[in-house]
Amino acid sequence: LTLLGLGLSGMIGTSFVGQPGVRLPNLDIPVISSIPVVGRLIFGQDPVFYISIALTAAVMWFLFRTRTGLTLRSIGDSHTSAHALGIKVIRYRYLAVIFGGACAGLAGGHLSLVYTPQWVENMSAGRGWIALALVVFASWRPWRVLAGAYIFGAVWIGQLHAQAFGIPVPSQFLSSLPYLATIAVLVLISRNKRLTMMNTPASLGQPFVPDR
């Protein structure tokens with residue numbers, strides 16, 4: 001599916017290569033955004049930045065404060081038990097996948113409308129795999145995913161600034177820093193089995209076949 005997505009997006013986006021895109025403007029909050037360093041860093045960002053924070057809070061509330069969220073988590077822990085209780089496991093799974101796909105689409109929109117306001121083939125450059133690693137790194141907790149995403153984002157932006165400042169380090173090495181950081185985190189986590197399995201849904205990756 002990954003290769004299909006890459007090929008399909010490349011074919012559809014061919015006509016957009018080289019065309020200038022529309023960049024989403026930053027939301028500069030009056031007065032607050034003028035605070036040195038912190039103001040510009042937090043209160044002068046693009047709309048997707050604030051959407052990500054609001055979306056994380058909404059997901060946390062949904063998963064841990066609503067009955068539907070509890071049902072979804074119970075399916076992740078044991079889809080067989082959930083099915084025995086009359087829960088429509090397949091419906092919940094499809095809806096969860098659709099929501100995850102919508103979030104991935106929002107991230108892709110951020111790449112083409114904010115990060116790089118134009119179409120470039122394979123512009124995600126493997127960031128989706130970093131996102132998967134973030135989920136493991138965050139032990140399946142939304143707020144940890146958000147914090148981890150900004151940490152990896154800081155590493156990514158840091159290597160770009162390092163290249164711009166002309167630091168005498170090969171650009172290939174600087175460009176690989178985000179991926180090296182991802183590998184390092186996964187290696188450290190995998191050394192501790194308890195940490196790896198912490199909060200991991202027991203039914204993760206297991207197909208569900210309802211009894212006929």
Among (1) over 14 Å from L204 (Cβ atoms); (2) free of Cβ contacts under 8 Å to residues at least 40 places away in the same chain, the one test that S74 misses: (1)
Only one of (1) closer than 26 Å to P207 by Cα; (2) at pLDDT below 90 fails for W119. Which number is that? (1)
Single residue of the range 57-86 satisfying the filter (of a type in the set (V, I, T) and assigned to a helix (DSSP H, G or I)) that is surrounded by the fewest Cβ atoms within 10 Å (Cβ to Cβ): T68
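Give me the residue from the range 81-111 that is touching a residue at least 12 places away in the same chain (Cβ under 8 Å) and β-branched (V, I, T) and, out of that set, nearest to M123 (Cα to Cα).
The initial filter retains those residues of the range 81-111 that are touching a residue at least 12 places away in the same chain (Cβ under 8 Å), namely 83, 87, 89-90, 92-93, 96, 103-104, 106-111.
Next, only the ones that are β-branched (V, I, T) stay: 87, 89-90.
Details: I87: 40, V89: 35, I90: 33 Å.
Filtering first and then ranking leaves I90.
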Any chance the range 121-131 includes a residue that's on the phi > 0 side of the Ramachandran plot, aliphatic (A, V, I, L, M) and under 15 Å from the mean Cα position of the chain (by Cα)? yes
Of the residues S190, S203, S139, S176, which single one is of a type outside the set (D, E, K, R), out of contact with any Pro (no Cβ under 8 Å at 6 or more places or on another chain) and at pLDDT below 75? S190
Within the range 95-104, does at least one residue satisfy the condition of being part of a loop (DSSP other than H, G, I, E, B), exposed (fewer than 13 other Cβ atoms within 10 Å of the Cβ) and not assigned by TED's automatic domain parsing to the domain that holds A131? no
Residue that is nearest to V145 (Cα to Cα) [pool: residues in the range 23-56 that are of a type in the set (D, E, K, R) and part of a loop (DSSP other than H, G, I, E, B)]: D46
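Counting only residues that are surrounded by 16 or more Cβ atoms within 10 Å (Cβ to Cβ) and not basic (K, R), which one in the range 119-134 is nearest to L3 (Cα to Cα)?
Step by step, filter the range 119-134, then rank; the result is S124.
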Apart from one, (1) outside any helix (DSSP H, G or I); (2) aliphatic (A, V, I, L, M); (3) more than 20 Å from L6 (Cα to Cα) all hold for V114; the odd one out is (1)
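Can you say whether A184 is closer than 23 Å to A54 by Cα, surrounded by fewer than 16 Cβ atoms within 10 Å (Cβ to Cβ) and modelled with pLDDT of 75 or more, as far as the supplied structure shows? Give the steps one after another, and end with the answer.
Numbers: closer than 23 Å to A54 by Cα: no; surrounded by fewer than 16 Cβ atoms within 10 Å (Cβ to Cβ): yes; modelled with pLDDT of 75 or more: yes.
No; evaluated as a whole, the condition is false for this residue.
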Within the range 22-37, is even one residue surrounded by 13 or more Cβ atoms within 10 Å (Cβ to Cβ) and either among the acidic types (D, E) or under 30 Å from V209 (Cβ atoms) (or both)? yes
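The values are calculated or read from the model by the stated rules, or taken from the named source; none is laboratory data. If you're wondering where the values come from, they're calculated on a predicted model, not measured in any experiment. Cβ: placed from backbone, ideal geometry, glycine included. Neighbour counts: every protein chain shown.
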